[in-house]
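Reviewing the structure listed below.
The values are calculated or read from the model by the stated rules, or taken from the named source; none is laboratory data. These figures come from a predicted structure and were not determined experimentally. Here the Cβ positions follow ideal geometry from the backbone for every residue, glycine too, while neighbour counts run over all protein chains shown. The protein model used for the area step is the full one, side chains on, heavy atoms only, and it has no ligands, DNA or RNA in it. Shrake-Rupley method; radii C 1.70, N 1.55, O 1.52, S 1.80 Å.
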Amino acid sequence: MFLPSISRLFADTKSLNKPIFSLKLVHLLSTSSSSAGEFLSHLLKNKNVSGMERTLSSVRSKLDARCVDEVLEKCAVDDPQMCLRFFIWAGLQSSYRHSSYMYSRAYKLLGVDSKPQIIRDAIEAYRLQKYVTSAKMFKVVLNLCREGKDATLGLWVLRKMKESNCRPDTIMYNVVIRLLCEKGDMDEAIGLMREMDLIDVHPDMITYVVMIKGLSEVGRLEEACGLTKAMRGHGCIPNTVTYSALLDGICRFGSLERALELLREMEKDGGQCKPNVVTYTTVVQNFVEKCQAIEALSILDQMRDFGCKPNRVLISTLIHGLCKEGHVEEAHKVIDRVAKSGISYDSCYSSLVLSLFRIGKVEQAEMFFRRMLTGGLKPDSFTSSTIIRWLCQQNRILDGYCLIEQSASVSSIDSDIYSILMAGLCEANHLVEAAKLAHLMVDKRIQFKGPCVKNVIECLRRCGKEDLASSIGNVKS
């Protein structure tokens with residue numbers, strides 16, 4: 001017997017009284033939990049009933065995330081329309097609320113990314129069945145659109161709300177405006193803001209921040225600045241987040257001088273506009289990207305005068321920019337300045353070594369790394385691993401071993417470097433050093449890895465280190 005699909009049934013009201021049954025779903029009832037099983041059983045019996053949502057409330061089983069998830073898993077593939085309508089209904093219940101995770105699960109299980117038509121079909125089925133929809137129902141659907149970052153579908157749902165005489169609120173407009181901004185469709189987003197005014201729905205702080213960020217990201221700075229001024233008229237006072245979004249756009253598409261002016265305006269206004277370390281870091285990063293790290297030094301003075309302490313990210317960015325532009329001495333001066341404000345010399349010089357290494361000045365990086373060790377500084381794990389790994393690649397195994405022996409932070413070096421060094425020392429017949437490194441690996445419980453395990457063990461035995469050979473072979477990470 002031919003069994004019509006659920007989507008066809010919902011799309012054609014003449015088919016609503018035809019019998020429909022899914023043997024596979026009946027079989028799934030036996031593998032479901034009691035709550036999910038009862039909902040599935042009810043859905044099977046009533047899915048050909050006009051407005052099946054009205055009958056779902058008669059199910060007395062507990063509705064929770066586990067139950068919803070199980071219903072979705074059992075029937076999303078066979079009956080996506082029924083499953084979607086169950087999910088929408090569940091999101092309206094006072095005793096239950098979909099989490100972000102559940103929206104993600106529903107989007108994935110229903111395959112909305114590849115079949116967005118199922119949402120259109122569901123809304124069309126409500127219309128054909130003359131089922132009274134509500135703004136809350138559309139909100140659940142919009143949240144699914146948000147999960148998939150589908151601006152086109154979100155805009156369509158918003159339009160369907162009006163056709164269904166459901167008035168969208170600010171939150172719903174914000175969902176679609178954000179999707180449009182993320183897509184870069186700013187004209188459509190601006191149109192929605194104007195539409196909000198026409199129907200007396202007022203933009204809120206989120207609306208303005210999203211719009212200003214969106215306009216700034218596509219270089220429409222004058223419009224972004226205009227919104228920053230206009231938002232005050234709706235009782236929304238620009239804050240640090242607002243100005244930071246605008247500041248990022250000015251840095252990318254405008255002039256860095258204008259960015260510094262805005263930064264000073266924020267400092268002058270204070271209050272909610274007060275710049276924080278993230279704001280300053282954004283400006284420094286943009287200066288560095290435009291190869292103007294030397295000009296960014298003035299921002300450190302601004303931060304000091306404003307009483308804002310730099311963090312490691314900002315300083316690392318600035319040091320890298322100065323080194324890249326050949327201002328290594330200036331990088332040294334920056335380190336001396338900020339070390340007095342609480343950022344350790346260890347951290348600063350680690351950044352300096354990595355910056356020099358990344359721009360190809362590896363010999364200079366090695367020199368400063370050695371100076372750190374000689375001066376009693378402790379390079380961080382990544383810096384130590386980077387330099388010693390490079391020495392191994394240059395076949396300077398003994399130099400790499402000596403740095404490990406000299407370094408006080410041996411425990412934080414990547415474990416595979418020990419194996420590389422051990423294999424290299426044995427191959428070069430540096431047996432004394434190999435034995436010392438083996439002792440260190442056993443003490444630190446560092447497992448020897450690689451294809452040369454047998455060779456290393458034999459090497460240790462040849463130099464009379466039988467116990468050590470056994471121990472290093474038995475270390476498990």
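Taking 0.36 nm per residue of sequence separation and removing the Cα-Cα distance, the residue 312/residue 188 pair yields an extension gain of 40.6 nm.
The local environment of residue 106, defined by Cβ-Cβ distances under 11 Å, has a net charge of -1 under the rule Lys, Arg +1 and Asp, Glu -1. In terms of its Cα atoms, the range 187-283 spans 39, 27, 17 Å along the principal axes, sorted from long to short. Take every Cα pair under 8 Å whose residues are at least 6 apart in sequence, average their separation, divide by the length of the range 41-137, and the relative contact order is 30 percent.
Quick check: the angle from helix 170-183's long axis to the longest principal axis of the chain, C-alpha only, nearest 10 degrees? Roughly 50 degrees between the two axes.
In the chain the Cα-Cα distances spread across 10 Å bins starting at 0 as 4, 15, 16, 13, 15, 17, 14, 6, 1, 0 percent of all pairs. Compared with the dominant principal axis of the Cα atoms in the chain, helix 453-462 is inclined by about 20°. From the square roots a ≥ b ≥ c of the eigenvalues of the alpha-carbon gyration tensor of the range 49-174, which class results: rounded (a/c under 1.5), prolate (a/b over b/c), or oblate? Rounded, since a/c falls under 1.5.
Using the average count of surrounding beta-carbon atoms within 10 Å as a protection proxy, the listed peptides 149-156, 195-202 rank, highest first, as 149-156, 195-202.
Annotation: per residue accessible area for the range 382-431 equals 42 Å², rounded to a whole number [probe 1.4 Å, protein chains only]. Rg and Dmax of the range 126-188, both derived from C-alpha coordinates alone, stand at 11.7, 37 Å. Of the trypsin sites (Lys or Arg not before Pro) found in the range 66-147, those that fall in a DSSP loop while having at most 14 other beta-carbon atoms within 10 Å are 97, 130. Where the alpha-carbon atoms of the range 263-321 are placed on the principal axes, they occupy 32, 20, 16 Å, in descending order. Here the relative contact order of the range 133-210, from alpha carbon pairs under 8 Å that lie six or more residues apart, stands at 28 percent.
Considering helices alone, the calculated mean residue ellipticity of the chain at 222 nm is -20500 deg cm²/dmol, with DSSP H runs of length four and up weighted by -39500 (n - 2.57) and normalised per residue. Which part of the range 367-400 falls in the paramagnetic zone of residue 455, meaning amide N under 17 Å from the point 7 Å along Cα-to-beta-carbon? 392-398, by backbone N distance to the label point. With contacts taken as Cα pairs under 8 Å at a separation of at least 6 residues, the chain carries a relative contact order of 6 percent.
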